[in-house]
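Notes follow the structure.
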Amino acid sequence: MDIKYAQELLRELVAIPSVNPGFTHAPSETIGEEQIGAFLQCWARDNGIFAQRFEAAKVRPCILLETGPKEGPALLVSAHMDTVWTEMNAPFTLQERDNDLYGLGAVDDKGPLVSALCALRELNRINISLRFLVLATCDEEFGLLGIRHMIPDHIRPDGVIIAEPTNLKIVTAHKGCNRFAIQTKGQRVHSSLVPAGENAIYKAAELVSALKTYSAALLRDPPHPLLGTNTLNVGVIQGGTQPNVVPDACTLTLDFRSLPGETPESIRAHVTKALANCEADYDIIEEAYEAPALDTSPDIPMVKHLQKILSADGLDAEPHGVPFTTESFRPAECGIPTIVFGPGDIAAAHAIDEKIAKDQLLQAAELLFRLAVSRNWQRSDFMTSPN
Ligand SMILES: [Zn+2]
């Protein structure tokens, strides 16, 4: 494998704008996943790799590329084609500085996609026991349409690696994410008429204060070994129109990061418990369920084999937990063992100077390649207790 090739492929992918259409503040010409999909189909054809296109929605494709025996145990590496929008300089021109490659999507998630594609390209030249698939998804950054469309209806692999920046560490656990918009109502009057009217901001303030107390209490719960505790954050508050009016509505938005085992119901119960002693009345006007947490057993042979390969290179082979969510919830909820693993640092994602370490781009590709050829793979390699 060759870093020049990997770098060139990343340059081409970064040059195709693919900002998620959910980000309406992005310039319209930067939006779309369609062209990346078309590029990947051409790339597959040029490399003699079998590729299929699926429509998660209109002009929202997913591309599934594969090599190896159709009937073999299937390992799927999933990376997303869409990016967020940030006001970075020359977002679509890959630039090299020191040992880093800068560009929009360089680390999230086009770099990890390139690593997966480079491994696939090499594996396609040899005979392997594994059916090795690369899935390029749409809509990871917003509605998760792509992964939901694909798994399990179009593909049900035996194991999944979500290729996202983990600095080449094995991630077996991450938190889930739920959001709530909570509204208080008041009675609007001219501010000179206080104490008449009812101030919706004062009611919201009482809720915010209770949520702050509950947030501190959550941090004292017994921690999950890799993930710490549940956390919550009040991230937005909106209310009132002008200083001389008693406000009649106020809305706050709450983001809850959950541990494995929490359900939408148990998370809602946390919120109502947090607000139980408040006198202010409120309504939960919106509840968004982004993704549940991940908690894969590190005892699966798939994980053990990857650990061996990382150890042999002197890399950190311990299972890790991360606070961010990924597409992993979908295969995981279908009972498919899933981990997160990829090149680059998540701290550089969604940043104004998004970048990926050049060395890791190739290193991740080589590690995936070696994992695929490390043994004569069996379906039992993806089960917690092999029979
Ligand atoms: Zn990502």
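Mind checking the dipole of the range 176-291: about its Cα centre, +1 per Lys or Arg Cβ, -1 per Asp or Glu Cβ, Debye to the nearest 20?
240
Can you flag which of K169/K212; K175/K212; K4/K355 are past 27 Å Cα-Cα?
K169/K212
Which order do V303, V245 fall in if you start with the one that has the fewest other Cβ atoms within 10 Å? Each step should come with its number before you reach the end.
Working: V303 23, V245 13.
Ascending Cβ contact count within 10 Å gives the list V245, V303.
The range 1-80: which trypsin sites (Lys or Arg not before Pro) are DSSP loop and have at most 14 other beta-carbon atoms within 10 angstrom?
Listed in order of number, the matching sites are K58, K70.
Restrict the search to the range 83-162; then list the trypsin sites (Lys or Arg not before Pro) that DSSP places in a loop and that have at most 15 other Cβ atoms within 10 Å of their Cβ.
R125
Fewest to most neighbouring Cβ within 10 Å: what's the order for T93, T86?
Ordered from fewest to most neighbouring Cβ atoms within 10 Å, T93, T86 come out as T93, T86.
If you rank F54, F92, F132 by fewest surrounding Cβ atoms within 10 Å, what's the result?
Placing the least packed residue first, the sequence is F92, F54, F132.
With the contact rule set at Cα under 8 Å and sequence spacing of 6 or more, what percent relative contact order holds for the range 316-387? Walk me through the intermediate numbers first.
Values: 27 pairs, mean separation 14.4, N = 72.
For the range 316-387, the relative contact order is 20 percent.
Indicate, rounded to the nearest 5 percent, the antiparallel portion of the DSSP beta bridges found entirely in the chain.
Looking only at bridges with both residues in the chain, the antiparallel portion is about 70 percent.
If the cut-off is a Cα-Cα distance under 12 Å, which aspartates and glutamates reach K203, setting aside same-chain residues fewer than 8 apart in sequence?
Correct list for K203: D248, E279, D281, D283.
The numbers here are math on the coordinates, done by the rules we state, and not lab data. All values reported here derive from a predicted model rather than from experimental measurement. Note: ideal-geometry Cβ built from the backbone for every residue, glycine included; neighbour counts use all protein chains shown.
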